[in-house]
Amino acid sequence: MNIRYRISSSDGSVIFCNLHPKEIEKINSINSRSQKLNGINLRAGRIFSQHGTVVAFSSDKNYIKSSAKFSTALNIILDSTEMINHVVKEARANINKNTSRLIHNLTSLNAHNIQEIYSLIPQENVSQKIGGQISFVEDIVKREPREAALSFLRIAKNNAAMKAEFSVFRKLFDSNPDLQIREHNVHKVLMNIFYLFFSDFTDKDVRVKIANDKNKYFANFDYESFHVAIYHIIENAAKYIKPKTTLNVEIKDVGEFIEIVMDMISLEIKKGESDEIFEEGVSGELANRIGKAGDGIGMNRAKKILELNSGSVLVNPVCDTVENFMGVNYQRNIFTVSLPKRKSTWQ
């Protein structure tokens, strides 16, 4: 259907428009359902119903020759107006939801950073020491080096989370994401992310044991997007792992893929939940019950981003290992991330 048109709702707001600028200028002169424009090889028309108004233009020879064919095409578009309006509203709502989520998350992370700084260095004290701020801060860092170090690590983690939010917005919501697929040292990339969670694991007295194969395993992926995916997976581990346990991380070569295996004692994953935890908006039953459930977005994002890199993530809950600690059920859960050793042919 070689017709360009503008659809307006019953209140006059534009739902959709792909008219050329010159055609938009002529809209007010279109006053019938089918008319030829003087001096221009163009047919135009206006038609309306209770759901809205359609103004259309076409330079197609068949429509220029036949007013009946043009009118029939306009009726088809008009009959679809209600459905198109619904689809457009849903699309706008999704875009607004993603934008609102980005703004909310960035605002929250920024607030955490400000809180970290002022918990170490009170704002009122700094503002009163104009000219002596550097020495004042130096004294605090010397007096409380451990607290300063933990604050700096938490700030670094929050900054990485901000970067992750921007990366997700650019790559996950882009129909044609710009992926720079290159070969990377898997161990090195993992360490770059794990250090951000040092304070989280330390607070829970959790030991992280990563197989020391520094220069052995390489895989092909887009560094920026993979950083986001593995960030969410490690964040999930830090949140749900049992205190005073060990997170064992092993890197394996399994043919065409490199696997990152994270073996831990973490919150019980009920039978049948191993796929559901990767769905958007879904948290495990136990996480919801004890008030530790997030928004169910992180693991879903991780899965989608890994798939963009021709990789995958899955969890294998060992259901016969359930144990109770302080009224909460934990079990052995094994998360496996797979990455291709070579670039996929379709990328």
Subset of region 67-102, residues in contact with a helix residue (DSSP H, G or I) (Cβ under 9 Å, 6 or more places away or on another chain), in the same structural domain as SER34 (by the TED database) and over 19 Å from GLY12 (Cβ atoms), comes to LYS69, PHE70, ALA73
Here the residues within region 233-280 that are modelled with pLDDT of 90 or more and of a type in the set (Ser, Thr, Tyr) are TYR240, THR245, THR246, SER266
How many residues of region 187-230 are among the aromatic types (Phe, Trp, Tyr), surrounded by fewer than 20 Cβ atoms within 10 Å (Cβ to Cβ) and under 17 Å from ALA302 (Cα atoms)? The answer is 2
Of the residues in region 52-67 that are touching a residue at least 12 places away in the same chain (Cβ under 8 Å) and assigned to a helix (DSSP H, G or I), the one that is least open to solvent (accessible area, probe 1.4 Å) is ILE64
The lone condition GLU82 fails out of (1) among the acidic types (Asp, Glu); (2) open to solvent by less than 90 Å² (accessible area, probe 1.4 Å); (3) within 24 Å of ILE3 (Cβ to Cβ) is (2)
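Yes or no, residue by residue, for (1) more than 20 Å from the chain's Cα centre (by Cα); (2) modelled with pLDDT of 85 or more:
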position: GLU144; (1), (2): yes, yes
position: ASN158; (1), (2): no, no
position: MET162; (1), (2): no, no
position: PHE169; (1), (2): no, no
position: HIS184; (1), (2): yes, yes
position: ASP200; (1), (2): yes, yes
position: LYS216; (1), (2): yes, no
Scanning region 1-51 residue by residue, the ones that are within 15 Å of ILE84 (Cα to Cα) and touching a residue at least 60 places away in the same chain (Cβ under 8 Å) total 5
Selection over region 88-118 where residues are more than 14 Å from LYS157 (Cα to Cα) and either loosely packed, with under 13 Cβ neighbours inside 10 Å or in contact with a Lys or Arg (Cβ under 6 Å, 6 or more places away or on another chain) (or both) yields a count of 14
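The values are calculated or read from the model by the stated rules, or taken from the named source; none is laboratory data. Not measured: the values here are computed from a predicted model. Heads up, the Cβs are rebuilt from the backbone with ideal geometry, glycines too, and the neighbour counts pull from every protein chain shown. Note: areas computed on protein heavy atoms with side chains; ligands, DNA, RNA excluded. Shrake-Rupley method; radii C 1.70, N 1.55, O 1.52, S 1.80 Å.
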